1. Look at the stretch 221-235 and say how many of its residues are farther than 14 Å from residue 141 by Cα and free of Cβ contacts under 8 Å to residues at least 40 places away in the same chain.
2. As an exercise: evaluate residue 192 against (1) within 12 Å of the ligand (Cβ to nearest atom); (2) under 25 Å from residue 80 (Cα atoms) and give the number of the one condition it does not meet.
3. Which of the numbered conditions does residue 193 fail, given that it passes all the others? Conditions: (1) surrounded by fewer than 21 Cβ atoms within 10 Å (Cβ to Cβ); (2) assigned by TED's automatic domain parsing to the domain that holds residue 44; (3) of a type outside the set (Asp, Glu).
4. Quick one: which residue in 145, 151 is touching a Phe, Trp or Tyr at 6+ places or on another chain (Cβ under 6 Å) and either without any contact (Cβ under 8 Å) to a residue 60 or more places away in the chain or within 22 Å of residue 235 (Cα to Cα) (or both)?
5. Given the criterion surrounded by fewer than 18 Cβ atoms within 10 Å (Cβ to Cβ) and under 18 Å from the mean Cα position of the chain (by Cα), identify the matching residue among 187, 244.
6. Would you say residue 164 is polar (S, T, N, Q) and either in contact (Cβ under 8 Å) with a residue 40 or more places away in the chain or within 10 Å of the ligand (Cβ to nearest atom) (or both)?
7. Consider only pairs whose beta carbons are under 9 Å apart and that are at least six residues apart or on different chains; among these, list those whose first residue lies in the stretch 200-211 and is within 9 Å of residue 227 (Cβ to Cβ) and whose second residue is of a type in the set (D, E, K, R) and part of a helix (DSSP H, G or I).
8. Say whether the condition of being closer than 22 Å to residue 247 by Cβ and touching a strand residue (DSSP E or B) at 6+ places or on another chain (Cβ under 9 Å) is met by at least one residue in the stretch 88-97.
Amino acid sequence: MKTIGVIGAGQMGSGIAQVSAQAGYHVLLSDVDVDRANKGKAGVEKALNRLVDKEKIDATARDAALGRIETVAGSGSFAEADLIVEAATEKEAIKRAIFAEVGKVLRDDAILASNTSSIPITRMAQASPDPERFIGIHFFNPVPVMGLIEVIPGLATSKATVATVSEFVATLKKEIVYAEDEPGFVVNRILLPMINEAVFVLGQGTANIADIDKGCRIGLNHPMGPLELADFVGLDTCLDIVMVLYNTTGDSKYRPAPLLVKYVEAGWLGRKTGRGFYDYSSAVPVPTR
Ligand code: 3HC
């Protein structure tokens, strides 16, 4: 495997591009236009510069990794890619449209993967050119830091596809967890009910934001409390995942916390909008309740 195509140059896509380039792959990083792809690459450059400052890599390694990332618009150049990882917005209709587009250029021996956090792989495989060569590869945010990748074969995914993807993940020096194609896979199935419950706890006035997060940081030894983590992931993404759990299982235990819905409706989506459960307008985030 030589060339990795990454669709979506946001936080996840640029992280996937970074770790792939650092592992020696040629990366085609695409977004709807080349400006957005370039913005993603600029983020990778910043992250690599930080690693140079901390003497984790040298300038030669930084330049080599950056030189391996080629920014492109759309999916026209993906005929070259051995593996394409879709990391676009977590909306099924958008992903399906991308798979149809990529299907026009995907080689007969190439694999198409989705970094979806919760949409069923078997269902999305139906919009891909070949369900045997379609699979879920779920990265965690921030991609360069987090050591885990979930690999999710769909019902029709071939063993050869699973083996090739596992080899790819091994070259990124990350651990694999294999999950069946069930809603939320493993990690988000456990994480999102925790975040959702934290918002219920807040909404019911059991404790304020700072104490809920402090409780989990210190009491559970988590690096971040559930509300800061929700802001970090994005409250819209959290709600999307909770809704997938709720709608696909029909189980009322996954019903979204009303306050989570309200925050998303208010456009308070977390760090990316400057406000979620915390206000990020000053150097130190301030709890809003
Ligand atoms: N990109 C690259 N590196 C980053 C980074 C980023 N966005 N943010 C932090 N880092 C690096 C820092 O440079 C630092 O590296 P060093 O140890 O080599 O110096 C290291 O991570 C620790 O960072 P900091 O000292 O600045 O801050 P913290 O110690 O508070 O750690 C954190 C930050 C790593 C983000 C930590 O708080 C953490 O692990 N939080 C939980 C993250 C998590 O749970 N992610 C999973 C989310 S769920 C998900 O992604 C699934 C999806 O489907 C929803």
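The values are calculated or read from the model by the stated rules, or taken from the named source; none is laboratory data. Everything quoted here is computed from the prediction, not taken from an experiment. Note: ideal-geometry Cβ built from the backbone for every residue, glycine included; neighbour counts use all protein chains shown. Ligands, DNA and RNA are excluded from the accessible area calculation, which covers all protein heavy atoms including side chains. Shrake-Rupley method; radii C 1.70, N 1.55, O 1.52, S 1.80 Å.
1. 4
2. Just one mismatch for residue 192, condition (2).
3. Residue 193 satisfies all of (1) surrounded by fewer than 21 Cβ atoms within 10 Å (Cβ to Cβ); (2) assigned by TED's automatic domain parsing to the domain that holds residue 44; (3) of a type outside the set (Asp, Glu) except (2).
4. Going through 145, 151 in turn, the sole match is 151.
5. Only one candidate passes the filter, namely 187.
6. Against the criterion (polar (S, T, N, Q) and either in contact (Cβ under 8 Å) with a residue 40 or more places away in the chain or within 10 Å of the ligand (Cβ to nearest atom) (or both)), residue 164 qualifies.
7. Close Cβ pairs satisfying both conditions: 209/228.
8. Taking every residue of the stretch 88-97 in turn, at least one turns out to be closer than 22 Å to residue 247 by Cβ and touching a strand residue (DSSP E or B) at 6+ places or on another chain (Cβ under 9 Å).
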